[in-house]
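Undergrad: Below are the structure tokens for one structure; questions will follow.
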Amino acid sequence: DLPEEHQMFQKAIRDFAEKEVSLYVNECEDSHEMPMELFRKMGKLGYLCPSYPEEMGGGGLGKLGDCLLYEEVSRINAGIAGSIMIQGGVGTYAIYKHGTEKQINDCVIPVIKGEKITAFALSEPNAGSDAAALQSTAVKNGDTYVLNGTKMFITCSPKADFMIVAAYTDKSKGATGGVTLFIVEKGTPGLTVNKLHKIAMYPNEAGEVFLDECRIPVENVIGEVGKGFRYLMQTLAAGRIVHSSLSVGLAQAAYEASLEHAKTRVQFGKPIGCNQGIAFKISRMAIDIEAARWMTYRAAWLLDNGRECNTEASMAKVMSSETCVNIGNEAMQIHGGYGFMTDSPIQRFWRDSRTRTVTEGTTEIQLTVIARALGLKPS
Ligand code: COS
């Protein structure tokens, strides 16, 4: 079982998601915008960042708490869950772990309260899976750094009040010695964001971020200069765990709809679930969700207990995202023509689920991480 306090939180957040998050689904799916009002509401209730300590306004529930939140919100809407996930996840994690007290007060705490929005700007047009290939640069000039570069597919960037930006401060030292993380605030001269248009996860707004001679005070360096790539890897491992919980929640939604349809849709004089072909699909869904959920919780538990979790995070990511894609696909098959209708949630589950094996580190990257841990060197 989950610990008692986590069970209580799970119950509360499930109730909140069903009653409150559901109110924003149609509006966000139509507008392709994040629900800013919901963020503020959740911040006030202390629901936005359950992993952070209570003294900071969080729930003190560790990554396992984050997983429960994203799973329940994703069961209602994966796009909204995706935007929330950035806030207590990759968008603040490096500041929380390595930032100064001032950075935590100025950035992390307002995010926990739902007063500020953050984004995590790592990927670039030529640096997706190959994170070390990033080309953004930061050159020290007196008490500022001058940042130049382009960031791609940056979730929440169109609404971000600040973002964590990765750039090379010294290319000659390679990624592990030459990358530094910065806090770049909205309104910084030279910073522009161009909203991108996607086929899925509509409320999870994404943008292309341009940094043109952006002057950033040295106080906005996160942690130590040159340690950024290590912080990124740490951020991504934790990010893979919570990403998994979002996949579990979305798969759960598609499974529940499919189970209901299998019981109520009558063809040839009996519910379609009486056909072995359909019943077995539903059984498979139940098995895969069970496995993905517990792999995700276990990876979160390892992280919360200070244990090594890189491999388990990648394993959970592969299991949960592939489960989600498969279940999204099978849900479409089970629902037949009804699933294709734009007012059906099934087409949304199908579209949203397809993103899971691509975002936050592709399946191929996770398999590479796992293979390396097994002593193999796939190239
Ligand atoms: N915590 C702290 N440090 C970590 C770490 C973690 N969880 N994981 C790795 N590191 C360290 C390593 O120990 C290594 O340090 P040393 O050089 O001192 O040994 C350093 O970080 C670099 O790790 P690695 O050697 O594995 O780096 P690579 O360049 O070989 O990384 C992969 C290759 C593919 C793993 C990396 O580029 C990656 O994760 N790519 C996917 C990026 C991604 O997910 N993009 C989507 C982002 S959407 S938010």
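The values are calculated or read from the model by the stated rules, or taken from the named source; none is laboratory data. Owing to the predicted nature of the structure, the values given are computational and were not obtained by experimental measurement. Quick reminder, even Gly has a Cβ in these numbers, built from the backbone with ideal geometry, and neighbours come from all protein chains shown. In case anyone asks, the SASA skips ligands and DNA or RNA and just uses the protein heavy atoms, side chains included. Shrake-Rupley method; radii C 1.70, N 1.55, O 1.52, S 1.80 Å.
Undergrad: Tell me which of Pro125, Cys214, Gly149 sits at the most positive position along the dipole axis of region 118-237, charges placed on C-beta atoms (Lys, Arg +1; Asp, Glu -1).
TA: Pro125
Undergrad: Here's something else I'd like to know. What is the Å³ per residue value for the convex hull set by the Cα atoms of region 131-254?
TA: 111
Undergrad: Please quote Rg/Rh for region 1-132 to two decimal places, taking the Kirkwood radius as Rh and restricting both calculations to Cα atoms.
TA: Reported Rg/Rh (Cα atoms, Kirkwood Rh): 0.98.
Undergrad: Determine ³J(HN,Hα), in whole Hz, for all residues of region 141-151 in sequence, where each value follows from phi through the Karplus function 6.51 cos²θ - 1.76 cosθ + 1.60 and θ = phi - 60°; x replaces Gly and Pro.
TA: Calculated HN-Hα couplings, in order: 9, x, 9, 10, 10, 9, 9, 9, x, 10, 10 Hz.
Undergrad: Can you pull the one-decimal nm distance between simple spin-label points at Phe340 and Ala371, each 7 Å off the Cα toward Cβ?
TA: If labels sit at Phe340 and Ala371, their model points lie 3.8 nm apart.
Undergrad: Loop-only GluC sites (Glu not before Pro) in region 211-266, please: DSSP not H, G, I, E or B, and at most 15 other Cβ atoms within 10 Å.
TA: Within region 211-266, the qualifying GluC sites (Glu not before Pro) (loop, at most 15 other Cβ atoms within 10 Å) are Glu224.
Undergrad: Continuing with the same structure: Arrange the peptides 143-150, 25-32 so that the one whose residues have, on average, the most other Cβ atoms within 10 Å appears first.
TA: Going from most to least packed, we get 143-150, 25-32.
Undergrad: About the Cα centre, and with charges only on the beta carbon of Lys, Arg (+1) and Asp, Glu (-1), how big is the dipole of region 259-375? Nearest 20 debye, please.
TA: 320
Undergrad: Using label points projected 7 Å from each Cα along Cα→Cβ, tell me how many nm separate Arg14 and Gln267, to one decimal.
TA: The answer from the label model is 3.1 nm.
Undergrad: Please name which of Pro110, Cys309, Pro158 has its Cα lying farthest along the dipole of the chain towards the positive end, using unit charges on Cβ (Lys, Arg +1; Asp, Glu -1) and the Cα centre as origin.
TA: The residue sitting farthest along the positive end of the dipole is Cys309.
Undergrad: Whenever you get a sec, compute what percent of the accessible area on region 165-229 sits on carbon and sulfur atoms (1.4 Å probe).
TA: The value for region 165-229 is 53 percent carbon and sulfur by accessible area.
Undergrad: Counting every Cα pair in region 254-299, what percent are over 18 Å apart?
TA: 37
Undergrad: If the convex hull of the alpha-carbon atoms of region 280-379 is projected onto planes in all directions, what is the mean projected area in square nanometres?
TA: 7.7
Undergrad: Here is a follow-up. Using a 1.4 angstrom probe, figure out how much accessible area the chain has per residue, in square angstrom, rounded to the nearest whole.
TA: 44
Undergrad: Cα atoms only, region 172-221: Rg and Dmax in Å?
TA: Cα radius of gyration and Dmax of region 172-221 are 14.5, 40 Å respectively.
Undergrad: Carbon and sulfur: what percent of region 282-379's accessible surface (1.4 Å probe)?
TA: 57
Undergrad: Right, another one. Give the share of C-alpha pairs in each 10 angstrom bin for region 65-211, from 0 to the last occupied bin, in whole percents, shortest bins first.
TA: Reading upward from the zero bin: 11, 39, 37, 11, 1.
Undergrad: Taking amide H positions as placed 1.01 Å from N in the peptide plane, with prolines and chain starts having none, which residues 5 or more places from Leu191, or on another chain, fall under 5 Å of its amide H?
TA: Hits under the 5 Å cutoff: Asp212.
Undergrad: Lys and Arg at +1, Asp and Glu at -1: add these up for the other residues within a Cβ distance under 15 Å of Cys274 and post the number.
TA: +3
Undergrad: Relative to the compact-globule scaling 2.2 N^0.38 Å, provide the ratio for the alpha-carbon radius of gyration of region 88-131.
TA: 1.32
Undergrad: Can you compute the charge dipole magnitude of region 1-85 about its Cα centre, using +1 on each Lys and Arg Cβ and -1 on each Asp and Glu Cβ, nothing else charged? Give it in debye, rounded to the nearest 20.
TA: 80
Undergrad: Kindly write out, for region 232-240 in residue order, the coupling ³J(HN,Hα) from the Karplus curve 6.51 cos²θ - 1.76 cosθ + 1.60 (θ = phi - 60°), rounded to whole Hz, with x marking Gly and Pro.
TA: Result, rounded to whole Hz: 5, 4, 5, 4, 5, 4, 5, x, 5.
Undergrad: Would you calculate the volume per residue, in Å³, of the smallest convex hull containing every Cα atom of the chain?
TA: Considering the Cα atoms of the chain, their hull volume per residue is 138 Å³.
Undergrad: Next question. Cβ under 13 Å from Leu191's Cβ, Leu191 left aside: what net charge do those residues give with Lys, Arg +1 and Asp, Glu -1?
TA: -2
Undergrad: I've got another one for you. In deg cm²/dmol, rounded to 500, what helix-only [θ] at 222 nm does the chain give when every DSSP H run of at least 4 residues adds -39500 (n - 2.57) and the total is split over its residues?
TA: -16000 deg cm²/dmol
Undergrad: Quote to one decimal, in nm, the extra length available between Ser283 and Asp143 on full extension: 0.36 nm per residue of separation minus the C-alpha distance between them.
TA: Value of the extension gain: 44.3 nm.
Undergrad: Nothing charged except the Cβ atoms of Lys and Arg (+1) and of Asp and Glu (-1): what's the magnitude of the dipole of the chain about its Cα centre? Round to the nearest 20 debye.
TA: Dipole of the chain, to the nearest 20 debye: 740 debye.
Undergrad: Determine the principal axes of the Cα atoms in region 216-371, then give the extent along each, sorted from largest to smallest and rounded to whole angstroms.
TA: Computed over the Cα atoms, the extents are 70, 33, 24 Å.
Undergrad: Report P(r) for region 197-307: all Cα-Cα distances, bin width 10 Å, range 0 to the bin holding the largest distance, values in whole percent.
TA: 11, 23, 26, 20, 11, 6, 3, 0
Undergrad: Let me ask another. Within 10 Å, Cβ to Cβ, of Glu205, how many net charges do the neighbouring residues add up to if Lys/Arg are +1 and Asp/Glu are -1?
TA: +2
Undergrad: Could I ask something else about it? Given a cut-off of under 8 Å on Cα pairs at least six residues apart, what relative contact order in percent is computed for region 140-245?
TA: Answer for region 140-245 is 36 percent.
Undergrad: Could you derive backbone 3J(HN,Hα) for region 182-191 from the dihedral phi with the Karplus parameters 6.51, -1.76 and 1.60 (θ = phi - 60°), listing whole Hz in sequence and x where the residue is Gly or Pro?
TA: Each residue of region 182-191 in turn: 10, 9, 10, 8, 4, x, 5, x, x, 9 Hz.
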